[in-house]
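Below is one structure, written out as structure tokens; the observations come after it.
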């Protein structure tokens, strides 16, 4: 089961920050603004939460909260049924 979950290619997080991102393009095309301080970020499964936080910190944005948009089994199901 662990191997099946590990085979998933992408993971989506909801990230809450203490301020607005002025240049959202600095994070690439895999981020969507939900509201002024909340964002949906989709990254490769190999990207760690620490890397995400460092990316925000390097852009002078403090991360308050990171949540998975869906649990990993739900995301795997969605990914497999879209192919």
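The values are calculated or read from the model by the stated rules, or taken from the named source; none is laboratory data. Just so you know, these numbers come straight off a predicted model, no measurement behind them. Note: ideal-geometry Cβ built from the backbone for every residue, glycine included; neighbour counts use all protein chains shown.
Numbers below:
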quantity: Residue among 67, 41 that alone is in a strand (DSSP E or B), modelled with pLDDT of 90 or more and either over 12 Å from residue 14 (Cα atoms) or touching a helix residue (DSSP H, G or I) at 6+ places or on another chain (Cβ under 8 Å) (or both); calculated: 41
quantity: Near pairs, Cβ below 8 angstrom, 6+ apart or cross-chain, from region 70-83 (part of a loop (DSSP other than H, G, I, E, B)) to any residue that is modelled with pLDDT of 70 or more and loosely packed, with under 14 Cβ neighbours inside 10 Å; calculated: 70/78
quantity: Subset tally (residues that are within 26 Å of residue 76 (Cα to Cα) and surrounded by 11 or more Cβ atoms within 10 Å (Cβ to Cβ)) for region 10-43; calculated: 20
quantity: Complete set of residues in region 31-73 that are touching a strand residue (DSSP E or B) at 6+ places or on another chain (Cβ under 9 Å) and farther than 27 Å from residue 19 by Cα; calculated: 72
quantity: Pair list, Cβ < 6 Å and 6+ apart or interchain, from region 12-28 residues that are touching a residue at least 60 places away in the same chain (Cβ under 8 Å) to residues that are part of a strand (DSSP E or B); calculated: 12/42
quantity: Filtered residue count, region 44-63, keeping only those that are farther than 17 Å from residue 11 by Cα and surrounded by fewer than 12 Cβ atoms within 10 Å (Cβ to Cβ); calculated: 4
quantity: Residue list for region 16-32, restricted to those being assigned to a loop (DSSP other than H, G, I, E, B) and either under 13 Å from the mean Cα position of the chain (by Cα) or over 20 Å from residue 67 (Cα atoms) (or both); calculated: 22, 23, 28, 29, 30
